[in-house]
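> Can you read through this structure? Questions will come right after.
Nothing in this text is a laboratory measurement; each read-out follows from the coordinates by a stated rule. Keep in mind it's a predicted model, so treat the numbers as computed, not measured. Note that each Cβ is placed from the backbone with ideal geometry, even for glycine, and that neighbours are counted across all protein chains shown.
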Amino acid sequence: MAHADQALRVELACSPAPRQVQTVALALPPGSTVADALRASGWLDEFGLALDRLRCGVWGRVQILDHVLRDGDRVELYRPLSVDPKEARRLRYKKQGRGEKA
């Protein structure tokens, strides 16, 4: 656990494309937020991301950008879905040949 004068150690994870995961370890000052971690990572510029349009979470739970981080947290950047899950399921079903009537 970090003391008040020690840096928080956090990890940032993102999947810029399917089956790709990038992570970066950061040392941030105590009281840092999700938004602070994203700015410090350099990913906003690297991936051309707008901070106010991102969906993020900590350890798999969606969080607001003002969420204060704790030592050891894993911040995750969520990509928008490219296909609605219900539509993807329907397409898989149809592809298997069960969706067509004889």
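> Taking the Cα centre of the range 8-95 as origin and charging only Cβ (+1 Lys, Arg; -1 Asp, Glu), how large is the dipole, in debye to the nearest 20?
Working: 15 positive and 11 negative charges, 173 e Å.
For this selection, approximately 820 debye.
> Rg (Å, one decimal) plus Dmax (Å, integer) for the alpha carbons of the range 8-95?
Looking at the range 8-95, its Cα Rg and Dmax stand at 15.0, 52 Å.
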